[in-house]
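K.L.:
Take a look at the following structure, please.
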Amino acid sequence: MAFLKDFKSFLMKGDIIALATAVIIGGAFNKIVGSLVKDVIMPVIGVIMGGKNVNNLFFSLDGGQYDTVEAAVEAGGAIMTYGNFLQAVIDFIIIGFVIFWLLKGYEKTKKKEEAKPAAPKGPTQEELLIEIRDELRKK
């Protein structure tokens, strides 16, 4: 029973709850950014590239001529789909950019630390020597 009690207390720690919340929000955030890239940004990039889908960019390594990635896969051709890599890089850059702006906004909402008052200055060396001299005279 002690094991279950320890496990329950471990799960109920604030760090674990915060981590679970972050994972759930991160999953939702991933869907939003994925949609932004797929549905908004990539069509614009496709138009700029002359109507091509970035995911359909590939090299045929076996010398075959294929119109699409699907046709190459269906034919069993050896291909290098660099379009998928470009898509992943674009996703990464956009996610990084959005997170940068979110964190920048978050930092603005945090209370700025007020300057702490300076610690009171102690006596100077001369003042200490005078005090020592005066104490020695008393004895």
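The values are calculated or read from the model by the stated rules, or taken from the named source; none is laboratory data. Everything numeric here is computed off the predicted structure, so don't read it as measured data. Don't worry about glycine lacking a Cβ; one is built from the backbone with ideal geometry, like all the others, and counts go over all protein chains shown. Side chains included, ligands, DNA and RNA excluded: accessible areas come from the protein's heavy atoms. Shrake-Rupley method; radii C 1.70, N 1.55, O 1.52, S 1.80 Å.
K.L.:
At a temperature of 4 °C and a viscosity of 1.567 mPa s, determine how fast the stretch 1-58 diffuses translationally according to Stokes-Einstein, using the Kirkwood radius over alpha-carbon pairs as Rh; express D in µm²/s, rounded to the nearest whole number.
P.N.:
Details: Rh = 14.8 Å.
D, rounded to a whole number, is 87 µm²/s.
K.L.:
Might you tell me the accessible area per residue for the chain, computed with a 1.4 Å probe and given in Å²?
P.N.:
Averaged over the residues of the chain, the accessible area is 87 Å².
K.L.:
Further question on the same structure: I need the per residue convex hull volume for the stretch 12-139, using only the alpha carbons, in cubic angstrom as a whole number. It would help to have the intermediate numbers written out before the result.
P.N.:
Working: hull volume 40.6 nm³, N = 128.
Residue-normalised Cα hull volume stands at 317 Å³.
K.L.:
With a 10 Å radius around each residue's Cβ, average the other Cβ atoms per peptide and rank 63-69, 80-86, highest first.
P.N.:
Put in order of decreasing packing, that is 80-86, 63-69.
K.L.:
Please name whichever of LEU128, ALA28, SER9 sits farthest to the positive end of the charge dipole of the chain, dipole taken about the Cα centre and charges placed at Cβ: Lys and Arg +1, Asp and Glu -1.
P.N.:
So the residue furthest toward the plus end is LEU128.
K.L.:
Which of the peptides 118-126, 99-107, 33-41 is most tightly packed, and how do the rest follow, going by the mean number of other Cβ atoms within 10 Å of each residue? Can you show the working numbers first?
P.N.:
Working: 118-126: 7.3, 99-107: 9.9, 33-41: 13.6.
Ranking the peptides 118-126, 99-107, 33-41 by packing returns 33-41, 99-107, 118-126.
K.L.:
Any idea what log10 I(q)/I(0) is at q = 0.27 Å⁻¹ for the stretch 77-137, Debye with uniform C-alpha scatterers and no solvent?
P.N.:
One equal scatterer on each Cα of the stretch 77-137 leads to -1.05.
K.L.:
What value in Å³ per residue do you get for the convex hull of the alpha-carbon atoms in the stretch 14-89?
P.N.:
Enclosed volume per residue, from the Cα hull, is 123 Å³.
K.L.:
Can you pull the percent of the chain's accessible area that's carbon plus sulfur, 1.4 Å probe, other chains left in place?
P.N.:
For the chain, the apolar C and S fraction of the accessible surface comes to 66 percent.
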